[in-house]
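The values are calculated or read from the model by the stated rules, or taken from the named source; none is laboratory data. Only a predicted model underlies this, so the values are computations on that prediction, with no experimental measurement involved. A quick note on method: Cβ atoms are made from the backbone with ideal geometry, for glycine too, and the neighbour counts reach across all protein chains shown. Accessible surface areas use protein heavy atoms only, side chains included; no ligands, DNA or RNA. Shrake-Rupley method; radii C 1.70, N 1.55, O 1.52, S 1.80 Å.
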Amino acid sequence: MMWARLMVGVGGSGLGLRASRDGLLRVAGVGCAGKQQQQQQQRQASSAEAASKKTPLFDFHREQGGKMVDFAGWSMPVQYKDSHIVSHMHTREHCSIFDVSHMLQTKVHGKDRVKFMESLVVADIEELKDNQGTLTLFTTQKGGIIDDLIVTKTDQGYLYVVSNAGCSDKDTAHMKTGGVQRCGFDVDLEFLDEALIALQGPSMSRVLQEGLKEDLSKLTFMTSTLATVFGIPGCRVTRCGYTGEDGVEKLLANSEVKLAGLGARDSLRLEAGLCLYGNDIDETTTPVEATLVWTIGKRRRQNRDFPGADIIVPQIKAKTARKRVGLVSTGPPVRQHTPILGPDGKVIGEVTSGCPSPCLKKNIAMGYVDAAFAKNGTAIQVEVRKKAVPATVSKMPFVPTNYYSG
């Protein structure tokens, strides 16, 4: 299993790794099959797959029994031979590999790179230490969320930005026209065509350490380093993730490690209380409504110098009419767009994400409710199949996170 020599990516309690596509292809063995085999695989691909973009690991996913689906214009594995539940629990108990190469990766060069990025996001990028990253938000002048992204301030003279695949076109346009052209910053944008892999789970550090000279115990949550990973030089390893587990993007031929797809990734992130752009946040939601005030830097709040600040900052004290909350229930599963009802049966909100929790053995969801019903422990209802089902407002994350702080 040659691809077991590569990946390091960070998530939740995890790490992340970025490498050149050529390097990943060599190590992962993608493209190592003979020409005839590759051509046969291409002929077998569905028309939907043919129309979708493919990561460097596309052929490998198919060889491993990956069920490929279109996701944000990319052909991605939703699951492998193991069921979604098995993959989910393996990640919680051991560690799993996720191909996240579809995400938009950007390097921001130039002397005005920090000022440029701060003209678009709510975070205090200036205060970040070298090789430290933060989750932040692109916001509109009306206070809506264009996308959520991670910005890392590297010691190599550039910012490393990772944002959502589904927003790649508008994020690219926003960075090009929203900052560079409008404000005349001394900035150069480099859009990367490189692989990005996430290794997530409690045994991530032990598994990955075998392929690194660097001591992973010194790499804490949301920090990053350049390293040689299992013989592949120039890999950026970042300790972060989207599952609530310790993670790093890396691959290993190890019984601790299994492949996991989009299905497990979605249920894992929901248990961790993490938003999915397009479901739980979008341009109609503000950071305050979405309970993401913590992403707004203190200095940025005081100066009100980010897009939409005149709308967002007053909301912090004045509160908002609605709020994103967690929900738990029993009975039939709760899905996106499920109406949320008050005790009197009147609609007070809507579910934005929901699924049965493999860890908790009950239904979990998140959604927006009228602020009067947002307190944890509040008894409400959800309308499933035209029937009112009891539910309770719950704190998030639903499952405790395992981010590594040293």
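Report the Cα-based extents of segment 79-233 along its three principal axes, largest first, to the nearest Å.
48, 34, 25
With θ taken as phi - 60° and the coefficients 6.51, -1.76 and 1.60, list the Karplus ³J(HN,Hα) couplings across segment 304-310 in order, rounded to whole Hz; mark glycine and proline as x.
Running phi through 6.51 cos²θ - 1.76 cosθ + 1.60 with θ = phi - 60° gives 6, 10, 10, x, x, 4, 5 Hz.
I need the shape label for segment 62-105. Rule: rounded when a/c is under 1.5, else prolate if a/b > b/c, else oblate, with a, b, c from the alpha carbon gyration tensor.
Taking the square roots of the gyration eigenvalues as a ≥ b ≥ c, segment 62-105 is oblate.
Counting just the Cα atoms, what span does segment 99-188 cover along each of its three principal axes? Round to the nearest Å and put the largest first.
35, 29, 21
How much accessible area does Leu196 have with a 1.4 Å probe, in Å² rounded to the nearest 10?
10 Å²
Label-point separation (nm) for Glu63 and Asn303, each offset 7 Å from Cα along Cα-to-Cβ?
5.0 nm
If Rh is defined by the Kirkwood formula over all Cα pairs and Rg also comes from Cα, what ratio Rg/Rh do you get for segment 179-223?
Rounded to two decimals, Rg/Rh equals 1.22.
Would you mind classifying segment 99-150 by shape? Square roots of the alpha carbon gyration tensor eigenvalues, ordered a ≥ b ≥ c; an a/c under 1.5 is rounded, otherwise it is prolate if a/b is larger than b/c and oblate if not.
Oblate is the answer for segment 99-150, as a/c is 1.5 or above yet b/c matches or exceeds a/b.
Tell me which residues come under 5 Å, amide H to amide H, from Ile348 once H is placed; ignore anything under 5 positions away on its chain.
Distant-sequence amide H within range of Ile348: Ile340, Leu341, Gly342.
Take the eigenvalues of the Cα gyration tensor for segment 229-362, scale each by 5, and report the square roots as semi-axes in whole Å, largest first.
Each semi-axis is √(5λ); the values are 32, 26, 10 Å.
If the cut-off is a Cα-Cα distance under 27 Å, which lysines reach Lys67, setting aside same-chain residues fewer than 8 apart in sequence?
Reachable lysines: Lys35, Lys53, Lys54, Lys81, Lys250, Lys258, Lys361, Lys362.
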